[in-house]
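Report on one structure; see the data block that follows.
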Amino acid sequence: MADDPLWAPWRLGYVLGNVNQAPSEAQSLELLAGAEPSCFLCRAAADPDEHARHVVGKGKHVLTVLNLYPYNNGHLLIAPQKHVARLDQLDVDSELELAQTITRMVGLLEETLHPEGFNVGLNLGRVAGAGVPGHLHWHVVPRWNGDTNFMPVIGSSNVIPQSLEALWKLLRERLNDHRKPCLRNGTRASGLTSDGSGA
């Protein structure tokens with residue numbers, strides 16, 4: 001078997017530890033009250049350029065972004081827009097919108113990528129594996145039978161078959177498509193909008 005390289009240049013920032021460094025662009029963002037300037041989720045919540053920040057959907061209290069260092073294709077991060085580290089710091093409206101957004105995004109991924117299952121979870125605190133322990137965020141990771149194979153076991157590498165750019169476009173188009181709402185349990189659900197709310 002030939003040693004063919006698998007190029008993944010988007011992971012360089014992760015390898016070099018640049019995950020939370022503020023971008024060098026001169027643009028100054030109007031961050032929300034209590035936001036942390038070095039937090040990529042706070043910057044995504046404040047930046048009107050959702051494409052540049054890989055924001056898939058944004059509601060009143062919650063945003064959904066593509067994970068720049070995905071465990072699998074379609075890996076989403078769903079977070080409150082407010083920079084909070086603890087569950088008891090969430091208000092009731094944010095808790096409700098988070099639960100609704102997780103459900104909505106699982107439906108969106110089912111419709112667009114057709115996974116066979118999901119890992120949905122929260123790493124609460126650095127010792128539990130949180131890469132951004134100051135800003136709560138839930139992982140939604142689509143799974144397919146056989147997606148864990150010899151690559152992560154032998155080569156310590158995951159193969160992601162779709163670029164973040166292509167995935168962002170696909171998910172945004174799907175969210176903006178009111179005529180083809182997501183399927184849930186074989187039945188049609190209400191339409192989705194780019195702000196993550198139902199039509």
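The table that follows gives values for the structure above.
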{"quantity": "Residue list for the range 34-72, filter: assigned to a helix (DSSP H, G or I) and aliphatic (A, V, I, L, M)", "calculated": "L41, A44, A45, A46"}
{"quantity": "Residue, modelled with the highest pLDDT, within the range 158-182, restricted to residues that are loosely packed, with under 12 Cβ neighbours inside 10 Å and under 19 Å from Y71 (Cα atoms)", "calculated": "A166"}
{"quantity": "Unmet requirement for A45, which otherwise passes all of (1) over 28 Å from N145 (Cβ atoms); (2) surrounded by fewer than 20 Cβ atoms within 10 Å (Cβ to Cβ); (3) small (G, A, S)", "calculated": "(2)"}
{"quantity": "Residue within the range 79-88 that is part of a helix (DSSP H, G or I) and either at pLDDT 95 or above or closer than 28 Å to S28 by Cα (or both) present", "calculated": "yes"}
{"quantity": "Qualifying residues in the range 87-111 (those that are of a type in the set (A, V, I, L, M) and in contact with a strand residue (DSSP E or B) (Cβ under 9 Å, 6 or more places away or on another chain)) - the one nearest to R174 (Cα to Cα)", "calculated": "L108"}
{"quantity": "Checklist (1) surrounded by 15 or more Cβ atoms within 10 Å (Cβ to Cβ); (2) within 25 Å of A166 (Cβ to Cβ) applied to K82, failing item", "calculated": "(2)"}
{"quantity": "Residues satisfying the stated conditions in the range 72-129, i.e. touching a residue at least 60 places away in the same chain (Cβ under 8 Å) and touching an Asp or Glu at 6+ places or on another chain (Cβ under 7 Å)", "calculated": "N72"}
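The values are calculated or read from the model by the stated rules, or taken from the named source; none is laboratory data. The model shown is predicted, which means the values in this text are computed figures rather than measured ones. For neighbour counting, all protein chains shown are included, and Cβ atoms are generated from backbone atoms with ideal geometry for every residue, glycine included.
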